[in-house]
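Let me begin by presenting the structure, written as structure tokens, before commenting on it.
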Amino acid sequence: MDEKGNETINHADGCKGCKAVNRRDFLKVTAAAGVAGLMLDGKEVFASESDKKRSKSKPKAPEGFTPDPITEKLIDHAHKQNIDLVWDRKSHCEFSEEGNGGIAGVCCFHCNMGPCTLGEAMGYEYGACGATADTIVARGLVGRVTGGASSHVEHARALAKTLKGVATGEIKAYEIRDPAKLDALYKGLGCNGKNKALAVAETCLSDLGKDHGVPAWLGFKANAERQVTWKKLGILPTGAGAEISQACHRTHMGVDADMVHLATDVLKLGLVDGYCGLHPATDMQDVLFGTPKLVSSLANLSVIDKEKINIIVHGHEPILSEKIVEAAEKYPTPPRPINVVGICCTGNEVLMRKGVPLAGSMVQQELAIVTGAVEAMIVDVQCIMPNIQRVAQHFHTKIITTNPQAKITGATHIEFEPEKADEIAQKIVKTAVDNYQRRKQNKVMIPDHPPAKIMAGFSVEQIIGALSKVNAADPLKPLIDNIVANNIRGIVAIVGCVTPWDHYGYRHLVLTKALLAQNVLVVGTGCWAHVAGQRGLLEPNPDYPGVGDGLKAVLKAVAKANGVPALPPCWHMGSCVDNSRIEDVLNAVAGYLKVKISDLPVAASAPEFITEKAVSIGTWAVNLGAMTHIGGQPYVSGSENMVKLLTDGVEGLVGGKFYVETDPNRAAETILAHINAKRTKLSLPV
Ligand code: BF8
Ligand code: SF4
């Protein structure tokens, strides 16, 4: 407060008392003006008539594929109550046919001479300004990769600010849980100063703000050969803020109108994602919350327990979800036991470090509420479908938004601040516990299928630790020897979202199983891990059903050396930001064999990708040299030149390329052929 009683703000940079309005105040101002929350308050919101007309008929399951019974039952249950779900709504673009406007990426809204839609449906070749399909597609892709990269950059920023607060003593609710990792980061990043945590946090914040040099994490984590290649191509980024700002500028009307030039920005922003987003986020999370180790838990929507108070953490940042788990554990005498379970990547974060059960993937978030047994769904940022608030209005469930960057109209907003983490987490948990009395037991329907058993926690440190039990002096040797001997044909990282445009998890499951059968070691992250867990692919089953003999023998040997009955056939490496861990593994293997990542028998795949984040992570993977399979084209098919560049030309530049295939069987064949070709080139048996 100032001397006149007006509220003032103390900025983090030390500017005291200035009256600038920041985002938190903006929320208060809009609420006071009666702007926020008007649209849903007091109204029951069902699907519109045109929404209702959309098909609720289920397509026939592909031959040999058994749909997930839990998902199917909850979809039916929702439909009986006239609740529409993401599966019902479909794409809303009228130009959704291949070759036309929206899906082909040739709709432009970059200025008010438009909108301009090119393509066969409209018959136009140029926008009003003369922009070609190549330019419009390239600008759109730059925009999407920027959106993805900025999500991970903001994730890293939240971690850096929290770590800085812990380092200076301003934030007392968190501590350094992995000092060895902090030491390694401090050294690897070339930090100075006595306060190691402060130095690491400030290095990250500097990477986000600077517009010179290269990000410190890029210098630390990317191998030397990659750095030289990217430098030669002119795609080394400076700092995240500068690159993101320039990308927004370049795509403004009348700035960059050269497809190839714009495409270099796509590649550069992929690197921004990797080294200003993914890597720093993972590393600082490990420092603050601990580096994951093997952990056992359960997966499926049936981890929601009708006898308990159910709290769902949903979103991405463990800064929030770790505290919710703690507050629930410490809650004084709840009327019933509290059951915290996770959705999306924050689910993966608290599974990896705390063994919290996985309730479901992004596309199942509405279904969790449809169980009728969820007292609160606590969300922060990313992949949170606004429709959860509509679904929640049919039940007692409270949707609690917590992040100043992400509100949902009609939801309860309890703002989370790391400075008051414990107090606010307790308040949020209390809100959930108090809400239990509003639960209508006759509306509860949790499908009667037991959750699947899962084992997770495959950080690089854990993988090396497990391998060192086989060969303490040279831990990577057992992995490399088995790759060379073709017991492990190759390594494929299957990651990313789950699409609602197929039977739930169909592409993930078919692809993963096909690769396992051919002795490919499958590692993965993100929503893939939910599907894999739900369908038994993260279960440490000593019979290893469906796994090729070579891979089975390796998994058995490593399990035996570690004194556990079995390892899961697929290794769950964490949330989407933890794709950084996969680069560390690939660099280690490439370094051992003294080859480039693009020479290795490896590939990446996001067979059901949805988000902009998935596109930017995919671009980063291509930059690393990986053939990167995606299960659909990212709105670029309106430019043949761009398609050629992304799926072919780029390989000559960075060694990796995109490969687009919707059918998981065909994708498996192509990925296996790619792996075999790489093996042959390395003179390894096929
Ligand atoms: O970052 S896999 S739907 S939850 S974007 Fe989102 Fe896709 Fe899930 Fe995590 Ni990743
Ligand atoms: Fe149309 Fe060009 Fe404006 Fe885009 S920038 S809306 S193509 S006139």
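A few comments on the model shown:
- Note on the stretch 210-290: Rg/Rh from C-alpha atoms, Kirkwood Rh, equals 1.03.
- Gyration tensor verdict on the stretch 596-661 (Cα atoms; rounded if a/c is under 1.5, prolate if a/b is larger than b/c, oblate otherwise): oblate
- Probe 1.4 Å, protein heavy atoms only - accessible area per residue of the stretch 242-356 in square angstrom: 28 Å²
- For the chain, share of DSSP beta bridges that run antiparallel, in % to the nearest 5: 25 percent
- Among residues other than His249 with Cβ under 12 Å from its Cβ, the summed charge is -1 (Lys and Arg +1, Asp and Glu -1).
- Dipole of the stretch 391-545, positive end: most advanced residue of Ser459, Ile424, Ala485 [Cβ charges, Cα centre]: Ile424
- Over the C-alpha trace of the chain, radius of gyration and Dmax come out as 24.6, 80 angstrom.
- Positive-end residue, the stretch 226-286 charge dipole about Cα centroid, Cβ charges, pick of Cys248, Leu271, Gly234: Gly234
- When you count the other C-beta atoms within 10 angstrom of each residue and take the mean per peptide, 164-175, 269-280, 560-571, 635-646 line up highest first as 269-280, 635-646, 560-571, 164-175.
- For peptides 499-506, 353-360, 430-437, sequence by mean Cβ density within 10 Å, most packed first: 353-360, 499-506, 430-437
- Prolate/oblate/rounded call for the stretch 404-455, Cα gyration tensor, a/c under 1.5 rounded: prolate
- Helix runs (DSSP H) in the chain reaching 27 Å along axis by Cα, Kyte-Doolittle at least -0.5: 133-168
- The stretch 78-166 shape via C-alpha gyration tensor axes, a/c threshold 1.5: oblate
- Between Ala121 and Asn486, the simple label model (points 7 Å from Cα in the Cβ direction) yields a spacing of 4.9 nm.
- Excluding ligands, DNA and RNA, the accessible surface per residue across the stretch 550-686 is 35 Å² with a 1.4 Å probe.
- For the peptides 525-538, 181-194, 576-589, the ranking by mean Cβ contacts within 10 Å, running from highest to lowest, is 525-538, 576-589, 181-194.
- As a calculated quantity, the FRET efficiency between Glu63 and Ala242 at R0 = 51 Å, using C-beta atoms, amounts to about 0.50.
- Debye, to nearest 20: dipole size of the stretch 308-442, +1 on Lys, Arg Cβ, -1 on Asp, Glu Cβ: 580 debye
- The chain, helix-only ellipticity at 222 nm - DSSP H runs n ≥ 4, -39,500 (n - 2.57), divided by all residues, nearest 500: -13500 deg cm²/dmol
- The His212 and Lys430 beta-carbon pair, evaluated with R₀ = 30 Å, returns a calculated FRET efficiency of approximately 0.05.
- Inter-label distance for Ala553 and Glu669, nm, one decimal - labels placed 7 Å from Cα along Cα-to-Cβ: 2.9 nm
- Cβ-defined net charge surrounding Ile304, 14 Å radius [Lys, Arg +1; Asp, Glu -1]: +1
- For the stretch 231-356, the Cβ-based charge dipole about the Cα centre amounts to some 280 debye (Lys, Arg positive; Asp, Glu negative; other atoms uncharged).
- Cα extents of the stretch 319-366 along the three principal axes, largest first (Å): 34, 22, 16
- Put a plus charge on the Cβ of each Lys and Arg, a minus charge on the Cβ of each Asp and Glu, and nothing anywhere else: the dipole of the chain about its Cα centre is then about 1160 debye.
- Between the residues Gln389, Val374, Pro337, the greatest Cα displacement towards the positive end of the dipole of the stretch 329-391, with unit charges on the Cβ of Lys, Arg, Asp and Glu, is found for Pro337.
The values are calculated or read from the model by the stated rules, or taken from the named source; none is laboratory data. Everything numeric in this text was worked out from a predicted model, so none of it was measured. With ideal geometry, Cβ positions are generated from the backbone for all residues, glycine too; neighbour counts draw on all protein chains shown. SASA here: full protein model, heavy atoms, side chains in, ligands and nucleic acids out. Shrake-Rupley method; radii C 1.70, N 1.55, O 1.52, S 1.80 Å.
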